[in-house]
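The values are calculated or read from the model by the stated rules, or taken from the named source; none is laboratory data. Not measured: the values here are computed from a predicted model. Methodologically, a virtual Cβ is constructed for each residue, glycine included, from the backbone with ideal geometry; neighbour enumeration extends over all protein chains shown.
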C-alpha cells in the first residue's frame, strides 16, 4: 500500500473529495514527521509506537569488495507494533 492508496481509502470511507482526503493524509504525515524531528514518541493505540532512537557507530563491509566502511553514529526511527497488530 502506498500513500495514494491510503488517500483513496480515506476518500472512500469518509465520502469526501479526494483532494480533501489528500490534504488530511498530508497533514497527518507532516505532524508525525515534525514530532519525530523533535524527538517525540508517537503512540497509535492498537497499531504501534514510533520512536526516535540513537544508533551507535560501527563498522560495516561492502558486500562486493569486502572493504570496511565506518558507520557514523546517528538517530533512527524504530517502530514497535502494538498487541492488536501482532495478533493479526
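Would it be correct to say that residue 76 is loosely packed, with under 11 Cβ neighbours inside 10 Å, under 15 Å from the mean Cα position of the chain (by Cα) and in contact (Cβ under 8 Å) with a residue 12 or more places away in the chain?
Yes.
Based on what the data block shows, is residue 69 over 12 Å from the mean Cα position of the chain (by Cα), at pLDDT below 95, surrounded by 10 or more Cβ atoms within 10 Å (Cβ to Cβ) and not in a loop (DSSP other than H, G, I, E, B)?
Here the answer is yes, as residue 69 does meet what is asked.
Within the range 59-86, count every residue that is out of contact with any strand residue (DSSP E or B) (no Cβ under 7 Å at 6 or more places or on another chain) and within 24 Å of residue 32 (Cβ to Cβ).
Total meeting the criteria: 3.
Could you check the range 37-47 and list, in sequence order, the residues that are surrounded by 13 or more Cβ atoms within 10 Å (Cβ to Cβ) and assigned to a strand (DSSP E or B)?
Hit for the range 37-47 is 42, nothing else.
Residue by residue, here is whether (1) on the phi > 0 side of the Ramachandran plot; (2) surrounded by fewer than 10 Cβ atoms within 10 Å (Cβ to Cβ); (3) over 20 Å from the mean Cα position of the chain (by Cα) holds:
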position: 49; (1), (2), (3): no, no, no
position: 54; (1), (2), (3): no, yes, no
position: 64; (1), (2), (3): no, yes, yes
position: 85; (1), (2), (3): no, no, no
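Which of the residues belonging to the range 16-36 are surrounded by fewer than 11 Cβ atoms within 10 Å (Cβ to Cβ) and part of a helix (DSSP H, G or I)?
Of everything in the range 16-36, those that are surrounded by fewer than 11 Cβ atoms within 10 Å (Cβ to Cβ) and part of a helix (DSSP H, G or I) turn out to be 19, 27, 30, 34.
Quick one: residue 13 ticks every box in (1) assigned to a helix (DSSP H, G or I); (2) surrounded by 10 or more Cβ atoms within 10 Å (Cβ to Cβ); (3) over 16 Å from the mean Cα position of the chain (by Cα) except a single one, so which number is it?
(2)
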